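**Q** Just dropping this structure here.
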Amino acid sequence: MLDLRFSDAELAQRREHITEFISEQVDAAGADGAVLGLSGGIDSTLTGYLTVEALGPETVHGLVLPAHVSSEGNMSDAERVAQELDIAYDVIEIEPIVDQLLSAYPEAEGDREAVGNARARVRAVLNYLVANHESRLVVGTGNRSEAAVGYFTKYGDGAVDCHPIGNLYKGQVRQLARHVGVPEELAAKTATAELWADQTDEDELGISYETLDSILATHVDGPLSVAATARLLEVDEATVERVRTMYERSEHKRDVPPAPEPLD
């Protein structure tokens, strides 16, 4: 696979660039700080570390938002991160809210994807409820790899005011996390969106993050053709084409809702 790791100098540069970005976003909005959803995963953990570095712990509010499909280990890790960063945080169970949605529209019960996306959107509503009340920005935790293939919920975890790590591939997220001092057991843990039970990112995507990052960097974001990418990375052309298809089909998630072109 392609080596996308940063040098030590590049890591320091990325760290400074992201913390400055967070500070600038908050200042530009005239906000009093940030609200951050903490899942126990590496993306939200790294974002938490960088947000606290940028703004100070007293202006960051963490939200831990478990559902009944959330693992005890991930929720424990989310609280651990908040405690280690010395930020105020709240734990709010979202399943009662999801149950109310399903009681209003029971036809969706049993639809794993629809209910899973509803959980993500409930979390977004709570993030903004707290952020509006406290005059803060909602800081997103999405990375470049997942955004490129649409592996996020539209108006769910994609509903934020800014994405500080949005230019980092997943492997680079782990590398920068280690650089800023995230404990190894958190930096290396298996990624999962936990929208339903026993979900893992790589199982659902059907591809490892290492392979995904390499295909994105060389073909989707880079200049190489399908055939050249497959040769370079020693993968099937069908795998490269599948990543390309995921990118193209999820374009609507990365853009604001479309409107007709104005008439002349």
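The values are calculated or read from the model by the stated rules, or taken from the named source; none is laboratory data. Here the structure is a predicted model, which is why all the values come from computation and not from measurement. All Cβ positions, even for glycine, are placed from backbone atoms using ideal geometry, and neighbour counts span all protein chains on display.
**Q** Inside the range 44-100, can you point out the residues that are more than 16 Å from residue 136 (Cβ to Cβ) and of a type in the set (Phe, Trp, Tyr)?
**A** Scanning the range 44-100 gives a single hit, 49.
**Q** Which residues, taken from the range 22-53, are free of Cβ contacts under 8 Å to residues at least 40 places away in the same chain and touching a helix residue (DSSP H, G or I) at 6+ places or on another chain (Cβ under 8 Å)?
**A** 23, 48, 52
**Q** Please go through the range 158-188 and pick out each residue that is among the aromatic types (Phe, Trp, Tyr) and within 24 Å of residue 83 (Cβ to Cβ).
**A** none
**Q** Among the helices (runs of 4 or more DSSP H) confined wholly to the range 207-264, which include 1 or more residues that are aliphatic (A, V, I, L, M) and modelled with pLDDT of 95 or more? Spell out how you get there, then give the answer.
**A** Numbers: elements: 209-215, 226-233, 237-249, 251-254.
So the answer is 209-215, 226-233, 237-249.
**Q** Does residue 89 qualify as being in the same structural domain as residue 125 (by TED's automatic domain parsing), part of a strand (DSSP E or B), farther than 18 Å from residue 161 by Cβ and at pLDDT 95 or above?
**A** When the stated conditions are applied, residue 89 passes them.
**Q** Determine which single condition residue 158 fails, assuming it passes every other condition in (1) at pLDDT 95 or above; (2) under 29 Å from residue 30 (Cβ atoms); (3) outside any helix (DSSP H, G or I).
**A** With (1) at pLDDT 95 or above; (2) under 29 Å from residue 30 (Cβ atoms); (3) outside any helix (DSSP H, G or I) applied to residue 158, the lone miss is (1).
**Q** Do we have any residue at all in the range 168-179 that's in a loop (DSSP other than H, G, I, E, B) and either under 18 Å from the mean Cα position of the chain (by Cα) or farther than 19 Å from residue 1 by Cβ (or both)?
**A** Yes; the residues of the range 168-179 include at least one that is in a loop (DSSP other than H, G, I, E, B) and either under 18 Å from the mean Cα position of the chain (by Cα) or farther than 19 Å from residue 1 by Cβ (or both).
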